[in-house]
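The values are calculated or read from the model by the stated rules, or taken from the named source; none is laboratory data. Here the structure is a predicted model, which is why all the values come from computation and not from measurement. Using ideal geometry, Cβ is built from the backbone for each residue, glycine included, and neighbour counts are taken over all protein chains shown.
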Amino acid sequence: MQKRTQLALALTALTAALASCGTPSAPVASAPLVKVEVTAPMVFGQSRQGLGAQGLTSDAPARHYDVTVRDSSGKIVAFDGTTFDPTGAGNTTLTLNNANNFKQTLLLPAGEYTFENKVKDDASSSVLLAYGPGSENKGTVDANFSLIRLKSHAVLSTANTTLSPSMTLNELYTDTKFNLSLNLKTATVANANGATVPTSDIGAVTYSLGNSTDGVLNGAGSKIGVNVTSRGTATDSILNVTASFSAWVQTGDTATFQPVSIAFAKQIQTNVMTTDTVMPSLTLNAAAPTTGTTATLTGTVSDDVMVQGVRVYVDGNLVASMDASEGVGMVTGDSNGGWTAPWMPSKDGTYAVTVIAEDSSGNETRVDQSVTATTPVAVTYDFEAQQYTGAQTPITVKAGQINTFKVNYAGNASELHIWAQTMSCATNCGNNTLTMTVTKPDGSTPAPNWTDWGYVEYGSYDQPGVYTITLTTDFDGVVDLEAHTH
């Protein structure tokens, strides 16, 4: 049986190792049972889940999966433990959590099934964080190898979702140009902020003004926000902007894809003469980066009126800015005053990082810091390919580090199967990219069978000899590398 685990809340893997003949369309009590392994993506220390096509992002809380299996007639399948119960009196909810390593091995009759899944918080088991309807999660269990990838959509909370300035905006004046950010959030868990909803889990966003005299929308905007210029008149001194889109919203204990609207309103100071002599407040946190890997510079910025721009310089060269027209990396901010900027050091050494914040009146604040970039030492591992047992092989990795694995396959099994997946992440967790190559004993380099966020898979191979695996990551953390036989 092949194991396929993708690190995305949105993507759940169901691997079938089959032992029956025939494919009935609905479970039959007397039919041979098929062994089915239901596996949810690993949750890094119950702290994050992968950002995928659907699902949650890295700020999601500890959570578990409740899965309901239905047959082709729509009847809920019951289980005695993890074995199909033909009487229907058994348990009708399968739970995948930290205690069972997010995995259950079931025995089911061959047939057509749907796998509805609800993702709830561990703290209360009452907050619906994500939902995968059975209509999107259909699969066939038969005598052939099958892989059913279950989808879960993050469930948006309109109470927690906001349309707000991307940088500090305490006062709004006529003809002020600024960015509004659409902050998509799930429901609150245990008095914490909701998790971020991926933009792939919402429909196209349309922005509109309350009145034509409120201001100007500078472009159509996107799923992350819109640029606005305030106007206002003596009789219309409120800027009103509304974002309209469709999202997955909770309905009872499930969720449906439905229209929602999120509004922003701010008083415009019209016909006002004032002076601004207060400088912006600015901080910089430039952790030691890895050479050849994109680092994320972070900090905070605020102003008594409005932050107009943030620019980042390295050794006197502009590398990031809030102004896209400057053709460098983008400085992004949030309504809480945080800012981030990308930067990739090209060689080992010490760099001078300078950040300048400017407010709407032209006042500037400057912060300087030195950082040293280094290249991690390459690491080589040698081991024999072993029969698959489900046990993990944790490997500690550094961003940009070259990890080489020499795997000897004696050819004493039907095939060799290779994959790597993220187990935990310490730095640069937002990208979570694994780059892996496999060189077979004959020197050929096959393409991977499957890649996803925090996951890459190769196989299956029957050629005996030494396989060379090269693995690099853009984060510090722990990776499970598997090279096993079946």
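Only one residue in 352, 385, 341, 320 is closer than 26 Å to residue 470 by Cα, among the hydrophobic types (A, V, I, L, M, F, W, C) and not assigned by TED's automatic domain parsing to the domain that holds residue 184, so which one is that?
On the way: 352 fails: closer than 26 Å to residue 470 by Cα; 341 fails: closer than 26 Å to residue 470 by Cα; 320 fails: closer than 26 Å to residue 470 by Cα.
Answer to the selection: 385.
Given the conditions (1) surrounded by 15 or more Cβ atoms within 10 Å (Cβ to Cβ); (2) within 24 Å of the chain's Cα centre (by Cα), and given that residue 388 satisfies all but one, which numbered condition is not satisfied?
Among (1) surrounded by 15 or more Cβ atoms within 10 Å (Cβ to Cβ); (2) within 24 Å of the chain's Cα centre (by Cα), residue 388 violates only (2).
Would you point out the residue of region 116-143, among those that are touching a Pro at 6+ places or on another chain (Cβ under 9 Å) and among the β-branched types (Val, Ile, Thr), that is modelled with the highest pLDDT?
Looking at residues that are touching a Pro at 6+ places or on another chain (Cβ under 9 Å) and among the β-branched types (Val, Ile, Thr), I get 127.
Against the conditions (1) in a loop (DSSP other than H, G, I, E, B); (2) in contact (Cβ under 8 Å) with a residue 60 or more places away in the chain; (3) more than 30 Å from residue 298 (Cα to Cα), where does residue 432 fall short? Just the number, please.
Failed condition: (3).
Looking at region 251-273, which of the residues that are more than 23 Å from residue 158 (Cβ to Cβ) and not in a strand (DSSP E or B) is modelled with the highest pLDDT?
Let us first name the residues in region 251-273 that are more than 23 Å from residue 158 (Cβ to Cβ), namely 267-273.
Add one more test, that the residue is not in a strand (DSSP E or B), and what stays is 270-273.
On the way: 270: 77, 271: 67, 272: 60, 273: 57.
The selected residue is 270.
Might you check whether a residue that is farther than 28 Å from residue 303 by Cα and touching a Phe, Trp or Tyr at 6+ places or on another chain (Cβ under 8 Å) occurs anywhere in region 156-179? Break it down into steps so the answer makes sense when it comes.
To start, the set of residues in region 156-179 that are farther than 28 Å from residue 303 by Cα comprises 156-158.
Filter again for touching a Phe, Trp or Tyr at 6+ places or on another chain (Cβ under 8 Å), leaving 156.
Scanning region 156-179 turns up at least one residue that is farther than 28 Å from residue 303 by Cα and touching a Phe, Trp or Tyr at 6+ places or on another chain (Cβ under 8 Å).
Residues in region 122-134: is at least one within 22 Å of residue 153 (Cβ to Cβ), in contact with a Leu (Cβ under 6 Å, 6 or more places away or on another chain) and of a type outside the set (A, V, I, L, M, F, W, C)?
yes
Listed residues 293, 300; which is in a loop (DSSP other than H, G, I, E, B), in contact with a strand residue (DSSP E or B) (Cβ under 8 Å, 6 or more places away or on another chain), assigned by TED's automatic domain parsing to the domain that holds residue 362 and among the hydroxyl-bearing types (Ser, Thr, Tyr)? Explain how you work it out, then say what you get.
Numbers: 300 fails: in a loop (DSSP other than H, G, I, E, B).
Going through 293, 300 in turn, the sole match is 293.
Every residue in region 358-374 that is over 30 Å from the mean Cα position of the chain (by Cα) and under 18 Å from residue 296 (Cβ atoms), please. Working first, answer last.
So in region 358-374, the residues over 30 Å from the mean Cα position of the chain (by Cα) come out as 358-370.
Result: 367, 369, 370.
Within region 435-447, track down each residue that is surrounded by fewer than 18 Cβ atoms within 10 Å (Cβ to Cβ) and in contact (Cβ under 8 Å) with a residue 12 or more places away in the chain.
First pass over region 435-447, keeping only residues surrounded by fewer than 18 Cβ atoms within 10 Å (Cβ to Cβ): 435, 437, 439-447.
If the condition is that a residue be surrounded by fewer than 18 Cβ atoms within 10 Å (Cβ to Cβ) and in contact (Cβ under 8 Å) with a residue 12 or more places away in the chain, then 435, 437, 439, 440, 441, 442, 446 are the ones that fit.
Can you name the residue in region 73-92 that is more than 19 Å from residue 139 (Cβ to Cβ) and under 33 Å from the mean Cα position of the chain (by Cα) and, of all such residues, is surrounded by the fewest Cβ atoms within 10 Å (Cβ to Cβ)?
Initial filter on region 73-92 (more than 19 Å from residue 139 (Cβ to Cβ)): 80-81, 85-91.
Those still in the list that are under 33 Å from the mean Cα position of the chain (by Cα) too: 81, 91.
Details: 81: 10, 91: 12.
Top of the filtered list is 81.
Among what's in region 340-361 and is more than 16 Å from residue 287 (Cα to Cα) and either in contact with a Pro (Cβ under 6 Å, 6 or more places away or on another chain) or without any contact (Cβ under 8 Å) to a residue 40 or more places away in the chain (or both), pick the residue that is surrounded by the fewest Cβ atoms within 10 Å (Cβ to Cβ).
Going through the qualifying residues, I end up with 359.
Out of the residues in region 441-486 that are closer than 16 Å to residue 411 by Cα and small (Gly, Ala, Ser), which is modelled with the highest pLDDT?
465
Regarding region 236-245, can at least one residue be identified that is among the acidic types (Asp, Glu), within 34 Å of the chain's Cα centre (by Cα), modelled with pLDDT under 95 and in a loop (DSSP other than H, G, I, E, B)? Step through it out loud before you land on a result.
First, the residues of region 236-245 that are among the acidic types (Asp, Glu): 236.
Checking the rest, the ones that are also within 34 Å of the chain's Cα centre (by Cα) come to none.
Checking region 236-245: not a single residue is among the acidic types (Asp, Glu), within 34 Å of the chain's Cα centre (by Cα), modelled with pLDDT under 95 and in a loop (DSSP other than H, G, I, E, B).
Show me the strands (runs of 3 or more DSSP E) found entirely inside region 309-426 where at least 1 residues are modelled with pLDDT under 90.
349-359, 379-384
Give just the number: which of (1) small (Gly, Ala, Ser); (2) assigned to a strand (DSSP E or B); (3) within 26 Å of the chain's Cα centre (by Cα) does residue 460 not satisfy?
Every listed condition holds for residue 460 apart from (3).
Search region 104-121 for residues being among the charged types (D, E, K, R) and under 18 Å from residue 152 (Cα atoms), and hand back the single one that is farthest from the chain's Cα centre (by Cα).
The first filter runs over region 104-121 and keeps only residues among the charged types (D, E, K, R), leaving 112, 116, 118, 120-121.
Now drop any that are not under 18 Å from residue 152 (Cα atoms), which leaves 116, 118, 120-121.
Working: 116: 21, 118: 18, 120: 17, 121: 17 Å.
Taking the candidates together, the pick is 116.
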